[in-house]
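The values are calculated or read from the model by the stated rules, or taken from the named source; none is laboratory data. Because the structure is a prediction, the values reported are computed rather than measured. Please note: Cβ atoms are built from the backbone with ideal geometry, for glycine as well, and neighbour counts cover all protein chains shown.
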Amino acid sequence: MAVEYQPRMVGFLCNWCSYAGADMAGTSRMTYPPNIRIIRVPCSGRVDPLLVMKSFEQGADGVLVSGCHPGDCHYTEGNYHARRRFALLRSLLDFLGIEKERLRVEWVSASEGGRFKELVSSFTEELQRLGPRSEVSP
Amino acid sequence: MSMDEKRIGVYICHCGTNIAGTVDIDAVTSYARSLDSVVVAKDYRFMCSDPGQELIRQDIKELGLNRVVVASCSPLMHEPTFRRVCEETGVNRYLFQMANIREHASWVTEDKGEATEKAKALISAAVRRIFYQEPLEIKEVPVNPNTLIVGGGIAGIQAALEIADSGSRVYLVEREPSIGGHMIQLDKTFPTLDCSACILTPKMSDVGSHPNIELIAYSEVEEISGYVGNFKVKIRRKARYVDEEKCTGCGICQEKCPWKVPSEFDVGVGQRKVIYTPFPQAVPNIPVIDRENCVYFKKGTCRACEKFCEVGAIDFEQTDRFEEVEVGNVIVATGYDVMDPSPIAEYGYGRYDNVLTGIQFERMSNAAGPTGGNIQLKDGSTPESIAIIHCVGSRDENYHEYCSRVCCMYALKFSHLIKEKTDAEVYQMYIDMRCFGKGYEEFYHRLTEEGVKFVRGKVSQVTDQVIEEEEKGKLILVVEDTLLGSVIRVPVDMVILCTAIEARSDAEQVARLFSLSLSADGFFLERHPKLDPVATMTDGIYVVGCCQGSKDIPDTVAQASAAAARVLAVISKGKIEIEAAIAVADEEKCSGCKTCILLCPYSAISFDEEKKVSRINEALCKGCGVCAAACPSAAITARHFTTEQIMAEIEGVLV
């Protein structure tokens, strides 16, 4: 049997909600696909499109940016800036030859361990469906 | 060794078997040893323990480490611990990095190979990142010694008195016209049966007269800004239409007001006047005009209260006023809502006269309540049988999954009070008896000897549909007695519903106001469920009492005192460190486009008109990094989260 294709994901999680949400998934011993690598940032608003592109350049198959729910940002409005910024970046990804589904922007609160688990699972499935990334011409 | 040489030590924690059970520690440790600039990599059973910490201290001294990585649990758990260890040994706290191989690896991955690979990737990221980390200067600012307490129930009262008694100033903001919260509505308190008002009113009057407490009742917090040690709070004082300075609290206005409406305090069991204090022992003892129901406000005539007020305190022209206070810490003690059982249609609340909630029964049983403490049916007669249904809306997937923790005990208390005052038969319809506190189990035993009938089962229906002759005129409970294994019908005169304690309906807005998180049950989330149950993710903001989760009076008081102690610790220290991981702008790179100024949520960036560059105010910046991500000339650096550092981390996780 062929080994199932295992996509590699980078997750930029805000310190206040989503990182704590991922911790909650751990504390509650919820298992999810092991392919995500989490990077802690102060706020989803800190995530520069450059960091997302760097992740793709380094071979990531998918990138997750996750912050506090709209309205709940620890810094009041950083997640709104992230939302707008990545709506724009997503629309450019196709142009760059990267399916826009490979970038996800989500909201996970500190208590939503279950939601984080579901998110990683569904993202992994979607990336498996998309298959390995096609070569991007420089 | 040169001054610039990076000498990194990596420490891998087994966390007992929490990590070592899934992650191959030896493989990870030798991998860490192979990474660039790593001088030493060691593993230990519990890195956070004394010997674990000592291991790091020794290596810093003996091997001249200038950067430390610990691969263990979440940084939200132990980053402060290890930062302290580093700092004590002369390594700046920002030259420490954690790799979260427990919450993000060993606990969420079943496959040992995968977990080990993930741990390696996270360590490689931490090591690559720390290479670029820089020491940051820690600055301190003075702490404002005043404290804001939001909510004047027993939680807020207790915390206010503890803090005020120590000599610090407290602003106690209460939304209702009087402090006292739910506790002042109760009759007796379990398991000791002391009267709730008797133990609470002295504390209330202490609050009212305490020289260090400014009681701001009938008011709400509108806005809060700032950070631990230095918050600015805007408070709305709602119009009472009574001049607080002039009012003597004589009560003549209430006596003369000709209009009555159902009393919120008596939960609809009794009535109150339109100008009122919720109850006679109200603190402050100043009435409020209920504008919605006041005939003068509705029709333009009456003003009876004004005519009789000898001191001229009635002021129909009064408007909401705003006040600003500055505090160093905030305790949120906003309490709970009693669940409205109407949606549980099968219990007939609102449909049958003699189906009451627990809190309504408290008012009825209270000697100061609307019936003078008489337990009576709607028609005024004395009930011959009463059933108490437990877990109404609690431990029920359709409503609240959690246990409300107080119902078993107050149901037992009700049984005792009913037995004391009437000859009625009492039935307890319970799922499990949860009598976990000090003296609680003993109280349960005492009640089993008082002739109370216990039926183990969840009531499926309360109905007036008669089958047998003896059920006529009664409310019939249909319940499966799980100990008998059969469905039984219990005819009674009165039904008391032990309704769930639930989060306040506006908990979400309040959470937003104070930058709190909500847990899945809707209550405010504490910083750590076990080790930090009063602090929150926002420094300087604490949660106490039922706003954090259902709890009884002793637990609430203990939590309130704990929060007070935490606040006093901050006050007595007198100063607080401010986050050094903030943004800085490089004026040589800044193009003066002002993008950052528009984005900054704290208005921390100003524009230097002379040099045409942005400047970031260190005291106002919170380090969110939004400006750094948006700056088109890369002129802004988010300290400790620099692009270089995060890029290195990306390379590390994707090795």
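A single member of B:Gly52, B:Gly9, B:Gly90, B:Gly16 is in contact (Cβ under 8 Å) with a residue 60 or more places away in the chain and not β-branched (Val, Ile, Thr), and it is B:Gly9. Taken over the range A:20-31, the criterion of being at the interface with chain B (Cβ under 7 Å from one of its Cβ atoms) and under 14 Å from the mean Cα position of the chain (by Cα) is satisfied by A:Ala22 alone.
Residues of the range B:466-497 that are acidic (Asp, Glu) and in contact with a strand residue (DSSP E or B) (Cβ under 9 Å, 6 or more places away or on another chain): B:Glu468, B:Glu470, B:Glu471, B:Glu480, B:Asp481, B:Asp493.
When you look at B:Ile386, is it under 19 Å from B:Val478 (Cβ atoms) and either part of a strand (DSSP E or B) or modelled with pLDDT of 95 or more (or both), yes or no? Even if it seems obvious, please write down each step before you answer.
Working: under 19 Å from B:Val478 (Cβ atoms): yes; either part of a strand (DSSP E or B) or modelled with pLDDT of 95 or more (or both): yes.
Spelling it out, B:Ile386 is indeed under 19 Å from B:Val478 (Cβ atoms) and either part of a strand (DSSP E or B) or modelled with pLDDT of 95 or more (or both).
Any residue at all in the range B:255-265 that is touching a helix residue (DSSP H, G or I) at 6+ places or on another chain (Cβ under 7 Å) and of a type in the set (Val, Ile, Thr)? No - not one qualifying residue is present in the range B:255-265.
I need the full set of residues from the range A:71-88 which are at the interface with another protein chain (Cβ under 9 Å from one of its Cβ atoms), part of a helix (DSSP H, G or I) and buried (at least 24 other Cβ atoms within 10 Å of the Cβ), in order please.
To start, the set of residues in the range A:71-88 that are at the interface with another protein chain (Cβ under 9 Å from one of its Cβ atoms) comprises A:71-78, A:81-82, A:85.
With the extra rule that they be part of a helix (DSSP H, G or I), the set shrinks to A:78, A:81-82, A:85.
Result: A:Gly78, A:His81, A:Ala82.
Have a look at B:Tyr440, B:Tyr410, B:Tyr349 and point out the one that is among the aromatic types (Phe, Trp, Tyr), in contact (Cβ under 8 Å) with a residue 24 or more places away in the chain and in contact with a Gly (Cβ under 9 Å, 6 or more places away or on another chain).
Details: B:Tyr440 fails: in contact with a Gly (Cβ under 9 Å, 6 or more places away or on another chain); B:Tyr349 fails: in contact with a Gly (Cβ under 9 Å, 6 or more places away or on another chain).
Unique residue meeting the criteria: B:Tyr410.
Given the structure, is B:Ala648 part of a loop (DSSP other than H, G, I, E, B), within 13 Å of chain A (Cβ to nearest Cβ) and not hydroxyl-bearing (Ser, Thr, Tyr)? No; evaluated as a whole, the condition is false for this residue. Looking for something under 24 Å from B:Tyr349 (Cβ atoms) and either buried (at least 17 other Cβ atoms within 10 Å of the Cβ) or not assigned by TED's automatic domain parsing to the domain that holds B:Ser550 (or both) - is there at least one such residue anywhere in the range B:439-448? No, the conditions are met nowhere in the range B:439-448. Of the strands (runs of 3 or more DSSP E) that lie entirely inside the range A:1-68, those containing 2 or more residues that are within 28 Å of A:Leu96 (Cα to Cα) and of a type outside the set (A, V, I, L, M, F, W, C) span A:36-41, A:62-67. Scanning the range A:123-134 turns up one or more residues that are closer than 25 Å to A:Asp23 by Cα, in contact with a helix residue (DSSP H, G or I) (Cβ under 8 Å, 6 or more places away or on another chain) and away from chain B (no Cβ under 11 Å). B:Arg84 passes every criterion in (1) among the basic types (Lys, Arg); (2) within 30 Å of B:Val23 (Cα to Cα); (3) in contact with an Asp or Glu (Cβ under 9 Å, 6 or more places away or on another chain) apart from (3). Filtering the range B:425-433 for residues that are at pLDDT below 95, over 17 Å from B:Pro341 (Cα atoms) and not assigned by TED's automatic domain parsing to the domain that holds B:His182 leaves an empty set.
Would you pick out the residues in the range B:498-512 that are within 11 Å of chain A (Cβ to nearest Cβ) and in contact with a strand residue (DSSP E or B) (Cβ under 9 Å, 6 or more places away or on another chain)? Talk me through it step by step, then tell me what you get.
Pass one, the range B:498-512, residues within 11 Å of chain A (Cβ to nearest Cβ): B:508-509, B:511-512.
Passing the criteria: B:Glu508, B:Ala511.
For (1) of a type in the set (Lys, Arg); (2) surrounded by fewer than 21 Cβ atoms within 10 Å (Cβ to Cβ); (3) at pLDDT 95 or above, each residue gets a yes or a no:
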residue	(1), (2), (3)
B:Ala282	no, no, yes
B:Arg291	yes, yes, yes
B:Glu306	no, yes, yes
B:Asn329	no, no, yes
B:Tyr336	no, no, yes
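For B:Tyr132, the stated conditions do not hold, so it cannot be described as within 25 Å of B:Ala239 (Cα to Cα), aromatic (Phe, Trp, Tyr) and not assigned by TED's automatic domain parsing to the domain that holds B:Asp290.
Of the residues in the range B:291-342, how many are assigned to a loop (DSSP other than H, G, I, E, B) and closer than 28 Å to B:Val170 by Cα? Don't jump to the end; show me each part of the working.
Going residue by residue through the range B:291-342, those that are assigned to a loop (DSSP other than H, G, I, E, B) are B:291-294, B:300-303, B:309-313, B:315-320, B:328, B:333-335, B:339-342.
Filter again for closer than 28 Å to B:Val170 by Cα, leaving B:313, B:318-320, B:328, B:333-335.
So the answer is 8.
In the range A:89-113, the qualifying residues are those that are among the hydroxyl-bearing types (Ser, Thr, Tyr) and surrounded by 15 or more Cβ atoms within 10 Å (Cβ to Cβ), and the one that is nearest to A:Val52 (Cα to Cα) is A:Ser109. For the range B:609-629, a residue qualifies if it is touching a residue at least 12 places away in the same chain (Cβ under 8 Å) and more than 7 Å from chain A (Cβ to nearest Cβ), and the qualifying residues are B:Lys611, B:Lys612, B:Val613, B:Ser614, B:Arg615, B:Ile616, B:Asn617, B:Glu618, B:Ala619, B:Leu620, B:Cys621, B:Cys627.
Report, by residue number, each residue of the range B:331-348 that is aromatic (Phe, Trp, Tyr) and over 28 Å from B:Phe524 (Cβ atoms). Walk me through how you get there before you give the answer.
Initial filter on the range B:331-348 (aromatic (Phe, Trp, Tyr)): B:336, B:347.
The one that is aromatic (Phe, Trp, Tyr) and over 28 Å from B:Phe524 (Cβ atoms): B:Tyr347.
So for the range B:519-527 (the condition being more than 15 Å from the chain's Cα centre (by Cα) and free of Cβ contacts under 8 Å to residues at least 60 places away in the same chain), does at least one residue qualify? Talk me through it step by step, then tell me what you get.
From the range B:519-527, those more than 15 Å from the chain's Cα centre (by Cα) are none; that's our starting set.
The answer is no; no qualifying residue exists.
Within the set B:Ile157, B:Ile149, B:Ile163, the sole residue that is touching a Lys or Arg at 6+ places or on another chain (Cβ under 7 Å), within 30 Å of B:Cys546 (Cα to Cα), surrounded by 24 or more Cβ atoms within 10 Å (Cβ to Cβ) and in contact (Cβ under 8 Å) with a residue 24 or more places away in the chain turns out to be B:Ile157. Scanning the range B:113-134 for residues that are away from every other protein chain (no Cβ under 11 Å), crowded, with 21+ Cβ neighbours inside 10 Å and of a type in the set (A, V, I, L, M, F, W, C) turns up B:Ile123, B:Val127, B:Ile130. I'm checking my understanding of the structure. Among residues of the range A:41-70 that are facing chain B (nearest Cβ under 7 Å) and charged (D, E, K, R), which one is surrounded by the most Cβ atoms within 10 Å (Cβ to Cβ)? Selected residue: A:Arg46. Under the condition of being at positive phi and surrounded by 15 or more Cβ atoms within 10 Å (Cβ to Cβ), the residues counted in the range B:479-524 number 2. Here the range A:89-115 is the region considered, the condition is being free of Cβ contacts under 8 Å to residues at least 60 places away in the same chain, within 18 Å of A:Ser44 (Cα to Cα) and basic (Lys, Arg), and the residue that is nearest to the other protein chains (Cβ to nearest Cβ) is A:Arg102.
Pick from B:Glu137, B:Glu54, B:Glu110: which is surrounded by fewer than 21 Cβ atoms within 10 Å (Cβ to Cβ), assigned to a loop (DSSP other than H, G, I, E, B) and more than 14 Å from chain A (Cβ to nearest Cβ)?
Working: B:Glu54 fails: assigned to a loop (DSSP other than H, G, I, E, B); B:Glu110 fails: more than 14 Å from chain A (Cβ to nearest Cβ).
The unique qualifying residue is B:Glu137.
Test B:Asp423 against the stated conditions and say whether it is acidic (Asp, Glu), within 22 Å of B:Asp481 (Cβ to Cβ) and not in a helix (DSSP H, G or I). No; evaluated as a whole, the condition is false for this residue.
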